[in-house]
């Protein structure tokens, strides 16, 4: 499957008088596994929000493949092949796990806003959802309201919902935040597996995850890119070391 | 308590299979009910019961359609009665037109009301769904007040203060019925209510219905699975208006008159009340609420002028202690029943119900006494209890009422603590069992 | 010209009365997110209490006692009612205040009966202050303006010049942050709710004898106060003030004018007389559709600018 890339050109974002993103130019190639790291307050999540259409940019350009997406609403961006997860788990907490996954499949399976199609008769859709459920190892939690799942289970569900629609660009915002070591290992294996062949853009604080998973790392400090390249290059960059002061000594 | 209720408000397959028996049973009950009050010696139906049952049917449709917005889409609307009323007004005019020759049989008349409700909801829904949360609610408040005020003002179509009237004996029917008698109209209502409820339930099992729930739970996540939440809300709003219009249509056929009351904020508030008290998280909740409120309205208002106080207190109690409504309370017992522990609650319930009854009676007594002291006296009425007149000026009734209130209240407080403990014990046992299996 | 001036003054008086009611509601709404449906009911209680107090003691004591009692009632509602319901969400709080409306209305009827109360303007204020073009401007209206202006100044001073006011201002736009900073937000909430109710009570004191005092007065005032709050915008007392004056003016001026939509087109062409709804809409005089205008305006502004006139937070 030929994937899509994301390119940012001199993207700026101000909230009132404060400029949070101060001219970011970045090119994420199709199929790349790209991690964005940086100290707190650098603007990583803001950058995600800009790319995914949650906030409008103040100036610059964001492209998904060849299409400009910085003026589009989130659902339009999603339909063009970009999907994201959230830093604070964002699922349909009152619906069952199965329903959560099924809802993530609806649009990509062509159901649109139909109010005449009975869902229980949709064999292919339901089978797909069931398959996804088992792939995420949540089979035993099928009929549990998503809000009652454990934290790690919810994060897994969220990842599942993010990739369900078949998006070719996946944005993951701190997917392993708050996880224990075992849970992190498990999540990493899951992420590696489900984003096979897709473009992955990830914000992470856990350096082990970053260096294991990413083939390109971008370092964001105070809304600007101070380094971008393969892990070894970034690791040995002076500017990065200064910004982090030893955090990269893994 | 909320955790078990959440688990019970589960996905359609499990819950639907458990309650599938309810549908034909309820239909049978609805059909048979008037006959339980049939006066066999005089050979006619109880007018009061048929009227109340007819009202219940309309209100079930109205409350369920309101819950399409509130419970299922997370939309708080204050103008739902507008679509009910428009359905009513258009129906009256249609009846007039049929009287003059338009060939529409009575059984299909509610479709016209539905169409009117739908059209109005499309127009206003387009405006209202442009905004979210509070702004949405306030727009609907404005729309509701606007329409109610307009209905009072304009004589053409709305008939001004007097409203519009018609005659339902239009002599056009698919089954050859005249609809002159209340019982015939009742069965028309039963048919349409059943159809409407079925359709509204079906709607919850479609992509739109499910995504409406999803949008309610998480607006942003819905966007990121590819849906425009605004379109979802707009469609739900319009369809809810369709069903409200059907309800209004049945109202028009039953009462043969529609006034601005049918669009008023008070009626919209009624929908809110019925849905909330019945329970907005379960599909059938509003049905329970509609039945309860209509029965209270018809029954209690005959016995007491202060019935609005009781509604207010019931409402406040529900909001504070049982926000998931009656349906929520029922579903909370689901896991308990399935674990076979329902019997353990029998005695605790009795211990809670007795002081509870005492408290309620004391409160009602006090309210009635006060009401008769001030208002009733001015109107020259006397308080009659079990056939004998009570002297409201003597100390006895007052001390009894206050005594019951205070004792009932204190005792209930005491008992509810131990009830809570029993409940918690049962819930943790169930959880432990689940963990082991 | 006379009409304009007189209407301007009357509109101002009514607008300030609206502001007194709406300011309390804006504070409560902006800070606590609670749509206090019972706000107009407190206004009603204020009027009835003022009637009683002025009957037994006097009007000036009523001005002080009634608002204090209303504030106490508000505090009681907040502490024993709203606080318990708070964790069930905003809708639950709204519904709670909703239930209160029924109870308060019936309670008022039970205590005072169903007839309007003879709550009149006190004699020492019942004289014409001055006359414009032959129409008398009653002194009582001047008094109303005085009280409402005084209240406006007092609120402004409280908010801008005191520490409590600073906290309230912050909580108006960022309640969560204020809580995170360690302020006793529940107590601030109770205080604001009680304060808002006290303001409503004060409005009842001076409005009850200007308008009528009866058990349906809450229903009459309720909706328009909401319109003012929403129109003015959340988190902004200034917007609330402007909105109150605008609404007051609109309602006063509308009654005076008899123009119709058809009249607007008259210079260009005459609309044929139509005996249907459309014809009715085109020929209805403004004086009759006055009550509609606030709602139409509110809908319009919410469509265009959901923050209202000067709102600092999205509704």
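The values are calculated or read from the model by the stated rules, or taken from the named source; none is laboratory data. Just so you know, these numbers come straight off a predicted model, no measurement behind them. Every residue, glycine among them, receives a Cβ derived from its backbone with ideal geometry; neighbour counts consider all protein chains shown.
Of all residues in segment A:129-183, those satisfying the criterion of being surrounded by 17 or more Cβ atoms within 10 Å (Cβ to Cβ), closer than 23 Å to residue B:431 by Cα and facing another protein chain (nearest Cβ under 10 Å) are A:142, A:144, A:145, A:146.
The set of residues in segment B:138-157 that are surrounded by fewer than 24 Cβ atoms within 10 Å (Cβ to Cβ) and more than 7 Å from chain C (Cβ to nearest Cβ) contains only B:152.
Evaluating residue C:209 against the criteria (1) more than 12 Å from the chain's Cα centre (by Cα); (2) buried (at least 23 other Cβ atoms within 10 Å of the Cβ); (3) under 22 Å from residue B:146 (Cα atoms) leaves one unmet condition, (3).
Annotation note: Cβ proximity below 6 Å between a residue of segment B:301-324 that is more than 7 Å from chain C (Cβ to nearest Cβ) and a residue that is assigned to a helix (DSSP H, G or I) and buried (at least 18 other Cβ atoms within 10 Å of the Cβ) (sequence gap 6+ or interchain) occurs for B:301/B:307; B:318/B:277; B:324/B:5. Each residue in segment C:71-119 was checked for being more than 7 Å from chain B (Cβ to nearest Cβ), free of Cβ contacts under 8 Å to residues at least 24 places away in the same chain and under 26 Å from residue C:187 (Cβ atoms), and 6 of them qualify.
Here residue C:221 qualifies as closer than 20 Å to residue C:67 by Cβ, within 13 Å of chain B (Cβ to nearest Cβ) and either free of Cβ contacts under 8 Å to residues at least 12 places away in the same chain or crowded, with 19+ Cβ neighbours inside 10 Å (or both).
Looking at B:27, B:33, B:76, which one is at pLDDT below 95 and in a loop (DSSP other than H, G, I, E, B)?
B:76
Contact map, segment B:333-349: residues that are free of Cβ contacts under 8 Å to residues at least 60 places away in the same chain paired with residues that are assigned to a helix (DSSP H, G or I), Cβ distance under 6 Å, separation 6+ or inter-chain. Pairs shown: B:342/B:336.
Let's see how each residue does on (1) without any contact (Cβ under 8 Å) to a residue 24 or more places away in the chain; (2) in contact with a helix residue (DSSP H, G or I) (Cβ under 7 Å, 6 or more places away or on another chain); (3) assigned to a helix (DSSP H, G or I):
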{"residue": "B:94", "(1), (2), (3)": "yes, yes, yes"}
{"residue": "B:98", "(1), (2), (3)": "no, no, yes"}
{"residue": "B:113", "(1), (2), (3)": "no, yes, yes"}
{"residue": "B:137", "(1), (2), (3)": "no, no, yes"}
{"residue": "B:155", "(1), (2), (3)": "yes, yes, no"}
{"residue": "B:173", "(1), (2), (3)": "no, yes, no"}
{"residue": "B:189", "(1), (2), (3)": "no, yes, yes"}
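Pick from segment B:199-216 the residues that are part of a helix (DSSP H, G or I) and free of Cβ contacts under 8 Å to residues at least 60 places away in the same chain: which of them is surrounded by the fewest Cβ atoms within 10 Å (Cβ to Cβ)?
Filtering segment B:199-216 down to residues part of a helix (DSSP H, G or I) leaves B:199-204, B:207-216.
Now drop any that are not free of Cβ contacts under 8 Å to residues at least 60 places away in the same chain, which leaves B:199, B:202, B:207-208, B:210-211, B:214.
Values: B:199: 15, B:202: 13, B:207: 26, B:208: 23, B:210: 23, B:211: 30, B:214: 27.
Once the filter is applied, the top-ranked residue is B:202.
Quick one: is residue B:182 at positive phi, surrounded by fewer than 23 Cβ atoms within 10 Å (Cβ to Cβ) and modelled with pLDDT under 95? It is false that residue B:182 is at positive phi, surrounded by fewer than 23 Cβ atoms within 10 Å (Cβ to Cβ) and modelled with pLDDT under 95.
Considering only residues in segment B:226-258 that are surrounded by fewer than 23 Cβ atoms within 10 Å (Cβ to Cβ) and not in a helix (DSSP H, G or I), the one that is farthest from the other protein chains (Cβ to nearest Cβ) turns out to be B:256. Any idea which of (1) surrounded by 17 or more Cβ atoms within 10 Å (Cβ to Cβ); (2) touching a helix residue (DSSP H, G or I) at 6+ places or on another chain (Cβ under 6 Å); (3) in contact (Cβ under 8 Å) with a residue 24 or more places away in the chain is the one residue C:258 doesn't satisfy? Single failed check for residue C:258: (1).
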